[in-house]
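Here's the structure we're looking at; comments come further down.
Rule-based calculations on the coordinates, nothing more; no lab input. Everything numeric here is computed off the predicted structure, so don't read it as measured data. Glycine also receives a Cβ, built like all others from the backbone with ideal geometry; neighbour counts cover every protein chain displayed.
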Amino acid sequence: MESLTLIIGNKNYSSWSLRPWLAMKQAGLTFSEIRIPLYQPESSEKIRQYSPSGKVPVLIHGSITVWDSLAICEYLAECFSDYSWWPDVQYDLAIARSISAEMHSGFFALREQMPMNCRAKALEKRLTPTLQADIDRITALWSSARQQFSSKGDFLCGPFSIADAMYAPVVFRFITYGVNLNALCQEYMETMLALPALQEWLHAAEAESEQISMVETNMLQ
Ligand SMILES: N[C@@H](CCC(=O)N[C@@H](CS)C(=O)NCC(=O)O)C(=O)O
């Protein structure tokens, strides 16, 4: 197998990096990682050595470069189809892809107003109407998926899939900003947090020393 390298940002802050990283860990793929701390004077130049978009994550697979979190997950699911990435029933797959795409292309208020800062816990946050609308949509989506797929497993569409990887940063955000959740969503959060891979990411984030002031200041708003 040609070598796989995932280039990521800081584990504490880079929500897009977490998604393919977790999907790859959960699938059981062996890969190396290169961590480039974001928003430092040399970050942009370092990222551009690997990524045409100038953003992380980016995957290097032999001579092939794939950038953008969802494209990386889709590429891996195609290349390594013996591993588990998506549900294998067409209906379940349609839901998993839809909710993954919804995360990838939406929830701008949540992303902007609740930036991922996984080592910070239970911070007070002012809920603006747009932020509340994003939280409401995510909790409705999680609740509906858990109701539909509970007989197949404990994750959004039953077994762990790319859909869960796409929402993993939201799990950290809801903890960091102390968002109140219904029992189904709380249970789903606990399932996600119990994943050894997610704990591994969190411990690595806690061990990082960089501080991104934009994010740390946002905590006080
Ligand atoms: N749509 C992209 C978003 C990637 C993205 O915004 N990455 C951020 C880090 S989480 C980044 O590289 N920021 C550095 C910069 O913009 O200079 C994806 O899904 O991968």
Problem - Within straight-line cross-link reach of LYS11, aspartates and glutamates at Cα separation under 18 Å, skipping those fewer than 8 residues along the same chain - result: GLU33, GLU42, ASP68, GLU112, ASP164, GLU200, GLU206, GLU208, GLU210, GLU216
Handout entry: Per-residue Cβ neighbour rank within 10 angstrom, fewest leading, PHE172, PHE108, PHE80
Key = PHE108, PHE80, PHE172
Completion exercise
quick shape note, the stretch 108-221: Cα extents on principal axes in Å, largest first -> 43, 34, 20
Fill in the blank from the handout: With the label point 7 Å along the Cα-to-beta-carbon line of ASP82 and a cut-off under 13 Å to each amide N, the hits in the stretch 167-201 are none
Handout entry: Axial C-alpha extent at least 27 Å, average Kyte-Doolittle at least -1.0 - helices from the chain (DSSP)
Key = 129-149
Problem - Residue-averaged [θ]222 nm for the chain, counting only DSSP H segments that reach four residues, each worth -39500 (n - 2.57) - result: -16500 deg cm²/dmol
Exercise for the section: Mind putting a number on the dipole of the stretch 4-79 about its Cα centre? Charges go on the C-beta only, +1 for Lys and Arg and -1 for Asp and Glu, and I need it in Debye to the nearest 20. Expected result: 200
Exercise for the section: Taking only Cα atoms and a 10 Å spring cutoff, compute GNM fluctuations for the chain and point out the largest among PRO37, PRO129, PRO57. Expected result: PRO129
